[in-house]
Amino acid sequence: MLSVLRVHLPSDIPIVGCELSPYVLLRRPDQSVFTDDVPETSPIEGHFLRYKWYRIQSDKKVAICSIHPSEQATLQCLGCVKAKIPLAKSYHCSPKCFSDAWQHHRVLHERAASARSGGETWFEVGRSKTYTPTADDIGHVLKFECVVVDVETKSPVGHTNTILTSRVIPAPSPSPRKLISVSNSDVMGHLDVDGRLSSNGTFTVLSYNILADTYATSDLYGYCPSWALSWPYRRQNLLREIVGYRADIVCLQEVQSDHFDEFFAPELDKHGYQALYKKKTAEVFNGSIMTIDGCATFFRRDRFSHVKKYEVEFNKAAQSLTDALVPSAQKKTALNRLVKDNVALIVVLEAKFSNHGVDNLGKRQLVCVANTHVNVQQDLKDVKLWQVHTLLKGLEKIAASADIPMLVCGDFNSVPGSAPHALLAIGKVDPMHPDLAVDPLGILRPATKLTHTLPLVSAYSSFARIGANLGYEQQKRRVDPATNEPLFTNCTRDFIGTLDYIFYSADTLTVESLLELLEEDSLRKDTALPSPEWSSDHIALLAEFRCKPRTRR
């Protein structure tokens, strides 16, 4: 007979809005073990599984800390008590109100009457395997029941398996980050009907390393509560954050291939985004093929249309390089150093809006967006620089074939002042730069070849150039005056610094506004990132751009 061997939840702390999906281990009559669902429509030898979720409401009221929702409150603000704002389903404004609501209200009575015991009331809240807690569940324990049922009699067979959760907590909600104007223009953006900042001829670009689940381990991020590190929680929090920015173009790094297919692509599709993806190559990867991460680029269908996609595999470039430059006897050693599975995704888009300039009438407005994640290993400075140089040379070819604005976004795993940053920001690397000392394969020589002709500027360096007022001064303090880059975009217990950038071609684009930077002190209250509020170890960067009017040629 079908039997349940084990039931457990990945996290015992339920959060409002985050789906609870129990792990149920089953045994078939032939003794084989499996985890697939057995619904009434597909029984196994006359048996199926029935699930129920309950909210347990105790007679004893439990107060929750408003700052740390996973903790029980131990004191109370009397000023809040005087405000008297009760929220309970039992209140009605008139006898007619109560009468009109009775058909729905009596269901609560019936559920409560069916499950009273020992000072507790169990309200049935769900009948499927999964359950997503609501605001009504805050402060209450949930109970999950799973039992084998006879398909003929509809009666339970054998033991009912149950799990009790901890008390449901509200999803932490960080203060929204503001978009700050850095333009000297009098033309300011305005909020349109759906809350998105827009003005004629401008568009917004988001770049965000979201921290792949495969890397989000308690060994690396032990300071983050396990429930806040779990993927079911983080994916909802990340989605809420990304959608909230309402960017026209979204460049994400560390997107697992299964999470792209099953979550981000379908969820962002609901918000009007088309998705493109480039998975890392798997020559040195030794985990599950589904957990390989990559770069995902999304764009709003009402703002852009897809023209062309280029995929850059640095492994292929490494093979070509070693074939051309490295003696046969050293090829294996060279490839071991260069082949790191990193990729870039380059997308050419056509704008569906215009600058409304006389010179632009009838002309297509194209934009080229590169999204990359450069190798992380700090001892491979030559590999990082070679990857960035390879990407830029590819973008040069695209720029030569069309008069097209360029955006280069991503996690470059390179701090301001490093050789890759210098190459991006000033178009060349000083031959005496200390990073060039690490070049065992000779791939960086001569240093004079480490150049490009794209007029790239870091978007966030605009904060260093804006005038003085209170809002601007606060942002200027969050920028390093020596490099004009943010003080950090990555903040963990062991590292804080800038690794992420949005570069743009300054001859075709201007920066109108930037998403405000975060204060380190505000993150350190939770030790570091990720945290219950922010679900990646990186922060999101967002810039609003305006296309410059084209000059006649």
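General remarks:
- Failed criterion for GLY287 (all others in (1) within 28 Å of the chain's Cα centre (by Cα); (2) in a helix (DSSP H, G or I) hold): (2)
- Taken residue by residue, the stretch 212-233 has at least one member that is modelled with pLDDT of 95 or more, under 14 Å from the mean Cα position of the chain (by Cα) and not in a helix (DSSP H, G or I).
Here's the yes/no breakdown for (1) β-branched (Val, Ile, Thr); (2) over 30 Å from ILE496 (Cβ atoms):
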| position | (1), (2) |
| --- | --- |
| LEU349 | no, yes |
| VAL369 | yes, no |
| HIS389 | no, no |
| ALA402 | no, yes |
| LEU436 | no, no |
| THR448 | yes, yes |
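- Total residues in the stretch 401-422 satisfying the condition of being part of a helix (DSSP H, G or I) and crowded, with 22+ Cβ neighbours inside 10 Å: the figure is 3.
- Hits in the stretch 382-400 (condition: among the acidic types (Asp, Glu) and open to solvent by 10 Å² or more (accessible area, probe 1.4 Å)): GLU396
- Residues in the stretch 18-49 that are in a loop (DSSP other than H, G, I, E, B) and open to solvent by less than 30 Å² (accessible area, probe 1.4 Å): 4 in all.
- Subset tally (residues that are outside any helix (DSSP H, G or I) and either out of contact with any Phe, Trp or Tyr (no Cβ under 6 Å at 6 or more places or on another chain) or at pLDDT below 95 (or both)) for the stretch 234-254: 5
- Restricting ASP439, ASP430 to those that are closer than 26 Å to VAL479 by Cα and in a loop (DSSP other than H, G, I, E, B) reduces the list to ASP430.
- Of all residues in the stretch 480-503, none satisfies the criterion of being buried (at least 19 other Cβ atoms within 10 Å of the Cβ), without any contact (Cβ under 8 Å) to a residue 60 or more places away in the chain and among the acidic types (Asp, Glu).
- From the list ARG553, ARG477, ARG524, ARG445, the lone residue that is surrounded by fewer than 17 Cβ atoms within 10 Å (Cβ to Cβ), at pLDDT below 95, outside the structural domain of ARG337 (by the TED database) and not aliphatic (A, V, I, L, M) is ARG553.
- Test: ASP293 is of a type outside the set (Lys, Arg), in contact with a helix residue (DSSP H, G or I) (Cβ under 9 Å, 6 or more places away or on another chain), in the same structural domain as LEU385 (by the TED database) and surrounded by 19 or more Cβ atoms within 10 Å (Cβ to Cβ): yes
- Filtering ALA282, ALA344 for residues that are in contact with a Leu (Cβ under 6 Å, 6 or more places away or on another chain), hydrophobic (A, V, I, L, M, F, W, C) and either in contact (Cβ under 8 Å) with a residue 40 or more places away in the chain or on the phi > 0 side of the Ramachandran plot (or both) leaves a single hit, ALA344.
- Flag if SER117 is at pLDDT below 65 and among the hydroxyl-bearing types (Ser, Thr, Tyr): yes
- Annotation: of all residues in the stretch 153-184 being of a type in the set (A, V, I, L, M) and part of a strand (DSSP E or B), the one that is most open to solvent (accessible area, probe 1.4 Å) is LEU164.
- Residue among ASP379, ASP439, ASP430, ASP435 that alone is acidic (Asp, Glu), over 28 Å from TYR208 (Cβ atoms) and open to solvent by 20 Å² or more (accessible area, probe 1.4 Å): ASP430
The values are calculated or read from the model by the stated rules, or taken from the named source; none is laboratory data. Source: prediction; values computed, not measured. Reconstructed Cβ throughout: ideal geometry from the backbone, glycine too, with neighbour counts over all protein chains shown. The area values use the complete protein model at the heavy-atom level, side chains included, leaving out ligands, DNA and RNA. Shrake-Rupley method; radii C 1.70, N 1.55, O 1.52, S 1.80 Å.
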